[in-house]
1. Test each condition in (1) among the charged types (D, E, K, R); (2) within 10 Å of chain B (Cβ to nearest Cβ); (3) surrounded by fewer than 21 Cβ atoms within 10 Å (Cβ to Cβ) for residue A:8 and report the one that comes out false.
2. Would you check if there is a residue in region B:390-410 being surrounded by 14 or more Cβ atoms within 10 Å (Cβ to Cβ), in a helix (DSSP H, G or I) and among the charged types (D, E, K, R)?
3. Check whether at least one residue in region B:205-227 is at pLDDT 95 or above, more than 30 Å from residue A:73 (Cβ to Cβ), out of contact with any helix residue (DSSP H, G or I) (no Cβ under 7 Å at 6 or more places or on another chain) and of a type outside the set (Phe, Trp, Tyr), and report yes or no.
4. Going through region B:330-383 one residue at a time, which ones are within 15 Å of the chain's Cα centre (by Cα) and either part of a helix (DSSP H, G or I) or among the β-branched types (Val, Ile, Thr) (or both)?
5. Find the residue count for region B:126-136, including only residues that are surrounded by fewer than 22 Cβ atoms within 10 Å (Cβ to Cβ) and within 24 Å of the chain's Cα centre (by Cα).
6. Is there a residue being within 14 Å of chain A (Cβ to nearest Cβ), under 22 Å from the mean Cα position of the chain (by Cα) and aromatic (Phe, Trp, Tyr) anywhere in region B:206-226?
7. Condition check: out of contact with any His (no Cβ under 6 Å at 6 or more places or on another chain), surrounded by fewer than 22 Cβ atoms within 10 Å (Cβ to Cβ), in a loop (DSSP other than H, G, I, E, B) and within 14 Å of chain B (Cβ to nearest Cβ). Does residue A:89 satisfy that?
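The values are calculated or read from the model by the stated rules, or taken from the named source; none is laboratory data. In this text the structure is predicted, and so the values were computed from the model without any measurement. Cβ: placed from backbone, ideal geometry, glycine included. Neighbour counts: every protein chain shown.
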Amino acid sequence: MKCLSLIKIAEEAAYLAEGKRYALGPITTPRTFKEALRALDDRHRGVYAFVAFHPVADRLVSEYIDLGTLGDDAGPAIVALFLVTPEAPRVPREVHASDLQFGVTLTFEEHPAYDLVRFFFPSESTPRLPGIVFFDRLGAARSAIYVLLDAKSKDQVMKLARKAFEAADRCVGRTPGLDDGRLHLDFDRFAAQLLKASLPYYRQGKKGLRAAAYLTGAWLNKNKSAIAAAIPKVAGLAGKAGGGDAE
Amino acid sequence: MIDFREKSDDALNASWIGHVIELQIEQLRFIGVLSASSGHFEQESDHVRAVWEITSATIAAARRHNIEVPRQHARPVVYNPSNWHNEALCGYIGSDVSVSLPELITSYMELWLLSSKLSESYKNHFLKCALWFTQNHGADLRRGLVFLLDLFYSGFFPRVRLFTETLDSFVRFYALEADLTFLDGTTLKEKETINQELAAVVRMTAQSPLNLERYDQILGIVIDLVLDRVEVAYRAQSLDEWIFEQAALYGPLLYLGFVHAAADELKVGTTNRLLLSRFEEMAADLGATAGFRAVQADFHLPPEWSLDAKDKLATAYQERFPDGSWLDRMTEDRMVMPNAVRELVRHASTHTLGNVRLPREWRLPSERVIRPLCIAHGRHPAMLRSTDFPNDLLAAGVRAMDLPFTPESVVTVRAQLLAEDSSAIALEARDLAQTADPALAYETQLHLAQLREIYPWHPEVCHQSGKFAQTTGDFSSALTMLTYSVLMDPFSKQAWLSMSTLASVKQWSSEAAAFRDVSALPFLVDDR
């Protein structure tokens, strides 16, 4: 599986939005990272999923990412993000196991991946890790759900992640009454699906989200060069039978 | 230098002629790929045919004299109508099919000819083969797409639109979820049935809507595979590789550019969509490179590669990224130079970028790739200099011909100077090589080297240099030069005879006879 820096992805989205992809258009138009993220938010048909893990404590999750199916598991409607070290590649390339050692010397409390989860779910019962934070926007998230990845093996991590992604994927669609020609994740339905699949999750209320949105802005800016997006590899897509093997 | 081991008479298996054949086949591949990006195939089809005929004759001569010819393992190939002995329709040589060299090159030539006359049949042929390959490899779409891309990289699609349309049909077939199981386990004997069934599927699915989710997935595979190839291109180690890899990317990138244009309609997912936009930019850079080479051809300029046209781009990047990261930003965004060259110019400023004199292997294409490059741009190796004529000489020419001082006049003068100079150089080289006085050997060698410096791809200069090297006992150089000379101009009877002579001197009698056979081909030019 390949990955690409979130900065690059966001910049590409900005080029598209500005309609000046050609010649020197992209670089002669100055834009901040925040503006580029907004362009990505506007362009993205679906949600983001940040895989939060500590490279040592949650070794199984880094092993799962190293298997190379994250991009495929997430599918086209979900941009899967994770932290890599020392910097996310600015040209798409394969993910190596050594990339997945971000913050290897940091404790749980210090690790930025944990920080992000705490921003979204700051109450006394900060959820256990590792897990996946699903949120609708990078700019100012309006909805977020955290799904716990409580597994005993990397295969089990994969199984849980796939279940979560599939549940999210099923709930991506047009919002009734909102005619913006775009796809959104229906977080209510998503929560119901997770419940049905008996996946433990946490959901953030509106008030908490406002605070989280404020904090994540700074967090994204601080960690932007380490955030990578998974590019689907689409391994093992067979001829006739449809893709997306459920179980 | 050609990587060619000095051999003994009892080791004729690793033969010189075998090596020549390998390079000839490599040229066919280059011709296909480079023509696809220059769009010049039609005009040059006579030259292409002649190259093919000489390759074919060289293989036949080697076989006639019982010299083992090299095998072409792992090369993709599809069946041709007249010379094919496999039950399989296509595949990789060695693992899927057992294909002789004559069969392989017949596939190239017959299908190339078809590409000019019957483009629909051509596309159908390759589509059928790619679908058949996929179905007979566990319906693994990734393998099927790799195969189709490999066929393009191997030069089977000399007209790029034939490739993009074949690839598009292939992707659509699977995105329509058409039932292709009728292909499973079939052989070439069932060709008629396959054709009929395929036509029926086309009819049935003509009105069916695409499964867009699936389309996006298949597109994802193409993108992933093309990203790999982009990485290969950036890792090029010479101008030859860079030229080839850029041309090889042109087809897939052009296809992805078309998809990009329809991305909204096709509901392509976010990541794929953003990557498509990136690819489109790369395709534009590749188009610019091909355009640059076309201009060089039109103006009879040296086929030189330099970065001086990149000044404006570099300056813009430096203004945007004043922190010193402009070079990395520019090369990651744009397909303007491979990583190795980026490191060579790492210390240059935007003002001096164009003045960096790149080493030979980055500035000028090699003797191996020059003829295909010439065919792709309607040029001839003998008419190529490594540097342009001095300005005062061109100006004097304009005055002498009483022409107005316009760029067109300079082009006219340059063309005329080239024609005169090129034949004069050939004669000079011939005279030099005949110098029998051993006392003058060093001067002669130096003089020939100087001529080759100015006309690096002049087949006759190369041929005479090879002959001269032989007289001085430098057989390794002689082998290399003579080989290059027939690669750059396969029509020279004398050059093939010189190869035969050298083989005789080395007492490689079978090879001497084989080269003599080639030299006797009726359509060669006797330029004594």
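1. The one condition residue A:8 does not meet is (3).
2. Taking every residue of region B:390-410 in turn, none turns out to be surrounded by 14 or more Cβ atoms within 10 Å (Cβ to Cβ), in a helix (DSSP H, G or I) and among the charged types (D, E, K, R).
3. no
4. Of everything in region B:330-383, those that are within 15 Å of the chain's Cα centre (by Cα) and either part of a helix (DSSP H, G or I) or among the β-branched types (Val, Ile, Thr) (or both) turn out to be B:367, B:368, B:369, B:370, B:371, B:372, B:373, B:374, B:375, B:376, B:381.
5. Total satisfying the criteria: 1.
6. There is no residue in region B:206-226 that is within 14 Å of chain A (Cβ to nearest Cβ), under 22 Å from the mean Cα position of the chain (by Cα) and aromatic (Phe, Trp, Tyr).
7. Working: out of contact with any His (no Cβ under 6 Å at 6 or more places or on another chain): yes; surrounded by fewer than 22 Cβ atoms within 10 Å (Cβ to Cβ): yes; in a loop (DSSP other than H, G, I, E, B): yes; within 14 Å of chain B (Cβ to nearest Cβ): yes.
Judged against the criteria, residue A:89 is a match.
The rows are residues; the columns are (1) part of a loop (DSSP other than H, G, I, E, B); (2) closer than 16 Å to residue B:218 by Cβ.
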{"site": "B:147", "(1), (2)": "no, yes"}
{"site": "B:150", "(1), (2)": "no, no"}
{"site": "B:156", "(1), (2)": "yes, no"}
{"site": "B:164", "(1), (2)": "no, yes"}
{"site": "B:174", "(1), (2)": "no, yes"}
